[in-house]
Amino acid sequence: MTTSIQTLEPQDQPKRRTPVPLEPYRSPAFFELEREKIFRRCWLNVGRTSDVAEPGDFVVREVEVLKASVLIARAKDGIIRAFYNVCPHRGNRVVNVESGTAPAFVCGYHAWTFSTDGSLRGVPDQEMFLDFDKRNCGLRQISVDSFEGWLFVNFSDPPEISLPDYLGAFGDHISGMENINDGASILLRSHLKCNWKVASDAFLEGYHIQAIHSATLKTMYSPAENRYGRLLQVRRFGPHSMNSMYGNADHVPAEHHKIERAAYDPTTMQPARLAAMGRFMEHRAVNPTRSRTWSMDKNHVFPNTQFDFGPNGFWTHQFWPISVNETRHEARFYFNKPANARERFAQEYQMAHAGDIVLEDLTNVERTQLGIESGAFDGMPLSESEILIRYSMDTVLKWTSAETVEQAMEGYEP
Amino acid sequence: MSTSVALPAGFDELKPFVSPWALADFGARMLARHGATMEALRAFYDAATPRFDDMVAALDGYPLDDLPPPQQTLYNLLMSLAHVAHSIERHNNPVPSGTRFPHAMRMITGLTPA
């Protein structure tokens with residue numbers, strides 16, 4: 001849907017655009033459908049392979065919508081595996097920290113010990129277990145796979161689709177992307193009283209920037225020549241989609257913003273860092289229209305993950321459903337190892353800014369959920385600039401009514 | 001984390017700000033800034049901003065993940081300035097308008113070094 005003009009304008013031919021339904025945001029019955037038809041069947045992003053970089057590294061990821069705690073570990077053989085964080089003995093939770101490095105996992109209840117490949121290694125007083133084979137009592141595995149360093153799990157046993165097929169043309173779009181940030185990721189987490197899609201929608205469009213982010217983003221993203229955040233490009237990749245967002249090429253910090261100027265001074269940037277940013281910008285999926293007036297790209301990885309691309313690399317947003325009107329939001333940002341205090345300061349400044357932006361978005365979503373639940377309206381008339389919300393709901397409705405994953409992966413209109 | 005107020009030589013006028021602002025990680029700095037009064041934010045911003053280049057220079061040559069205590073204190077102060085600047089330069093308010101403190105957003109894992 002690219003055009004030859006700078007931003008996407010309403011077409012001369014009137015398009016049929018029916019309002020997007022609100023019932024999926026407030027119906028407990030629909031939430032149950034999403035639980036089984038979406039979250040149990042899709043590949044779900046749970047971070048990056050670098051989260052478990054070395055043998056013995058592990059992380060625990062909660063997936064409340066499936067009542068699952070997922071233990072992800074890289075074993076001595078170098079292979080990453082995912083397990084239900086549940087002891088095969090009496091169902092206790094095995095690992096009670098979010099991440100770490102360990103030679104083995106020990107259940108706190110009766111000290112059953114598991115290797116990092118999930119096999120059961122030690123049972124205290126084992127001879128008192130009759131008709132018992134340890135080989136049948138390891139941690140229960142969950143399908144796990146990775147693509148370009150992005151880690152995914154699938155709760156179907158076995159998955160109805162492979163990860164490469166699930167990502168499809170979107171996988172082609174991002175293939176070969178370099179992670180130019182070699183430091184640890186920073187994680188901001190919030191619990192929100194709203195449906196997971198209300199939160200996700202808030203991050204899928206830039207139309208709100210001129211109002212919600214007027215002090216944090218407006219001059220950069222919605223300047224006078226594109227006040228309402230019209231998009232540079234929109235694309236659909238089956239269940240996934242992207243938009244490329246406008247940016248003010250001539251933005252400079254105001255004269256009296258002394259610290260902002262100090263934090264963004266390109267003359268103090270390390271040459272290796274500038275080179276890495278240059279390489280990132282060359283990737284086909286970053287500023288795909290090669291526009292001078294570009295800020296970032298938003299990639300919706302169905303169902304609940306967004307990969308964002310900017311000049312400094314990528315960052316992610318995830319929206320984990322807890323109930324029809326409760327969500328855990330997680331924003332992960334990636335930074336390179338700073339060369340000096342000035343660079344480390346710039347990172348702290350950028351992260352403080354990112355935190356403010358997330359806070360502006362999240363403060364609003366609970367008000368939106370209440371309005372949706374009031375029943376005052378049944379649908380949302382959407383601007384073309386909000387089209388990723390339309391695509392997202394179309395995909396949600398398709399998956400919740402598709403009997404098989406094969407059916408759910410078909411027939412997406414471009 | 002050292003509770004000493006000591007800063008490297010030449011930063012005496014910043015000593016009153018060590019106790020409230022020389023904080024150990026992003027999460028603590030973010031919450032302190034969001035929860036502060038404009039008076040406190042402005043006092044720290046006005047004292048620290050003219051010394052920004054000096055603070056950065058005083059940390060040159062030290063490994064950031066293994067700073068001696070006076071430099072660590074200075075580093076923690078400098079990192080808080082990165083947060084406080086947004087309240088003063090952008091928002092004219094401790095938190096962005098339309099948002100409030102306390103809020104439920106938390107840093108779970110932070111930048112390295114902290």
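The values are calculated or read from the model by the stated rules, or taken from the named source; none is laboratory data. Worth saying up front: this structure is predicted, and the values here are computed from it rather than measured. We place every Cβ from the backbone using ideal geometry, glycine too, and count neighbours over all the protein chains shown.
Of everything in the stretch B:41-66 that is over 12 Å from the mean Cα position of the chain (by Cα) and either aromatic (F, W, Y) or more than 24 Å from B:A9 (Cβ to Cβ) (or both), the residue that is nearest to the other protein chains (Cβ to nearest Cβ) is B:Y62. Taking B:T37 and the conditions (1) of a type in the set (S, T, N, Q); (2) surrounded by 18 or more Cβ atoms within 10 Å (Cβ to Cβ); (3) away from chain A (no Cβ under 11 Å), which numbered condition does it fall short on, given that it satisfies the others? Answer for B:T37: the failing condition is (2). Taking chain B and the helices (runs of 4 or more DSSP H) fully enclosed by it, the elements with 2 or more residues that are modelled with pLDDT of 95 or more and among the aromatic types (F, W, Y) are at B:38-48. Listed by position, the helices (runs of 4 or more DSSP H) inside the stretch A:138-214 whose residues that are within 14 Å of chain B (Cβ to nearest Cβ) number at least 2 are A:196-202, A:209-212.
Inside the stretch B:67-94, can you point out the residues that are more than 7 Å from chain A (Cβ to nearest Cβ) and more than 12 Å from the chain's Cα centre (by Cα)? Within the stretch B:67-94, B:L67, B:P68, B:P69, B:P70, B:Q71, B:S87, B:I88, B:N92, B:N93, B:P94 qualify.
Okay, residues lined up against (1) touching a residue at least 60 places away in the same chain (Cβ under 8 Å); (2) within 16 Å of A:A346 (Cα to Cα); (3) not aromatic (F, W, Y):
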residue	(1), (2), (3)
A:M245	no, no, yes
A:P253	no, yes, yes
A:T268	yes, yes, yes
A:R292	no, no, yes
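For the stretch A:11-35, residues that are at pLDDT 95 or above and exposed (fewer than 12 other Cβ atoms within 10 Å of the Cβ) total 2. When A:A352, A:A341, A:A402, A:A376 are checked against the criterion of being more than 23 Å from the chain's Cα centre (by Cα) and crowded, with 19+ Cβ neighbours inside 10 Å, A:A341 stands alone in meeting it.
If you go through the stretch A:337-395 and keep only what is outside any helix (DSSP H, G or I) and not aliphatic (A, V, I, L, M), you end up with A:K337, A:P338, A:N340, A:S374, A:G375, A:F377, A:D378, A:G379, A:P381, A:S383.
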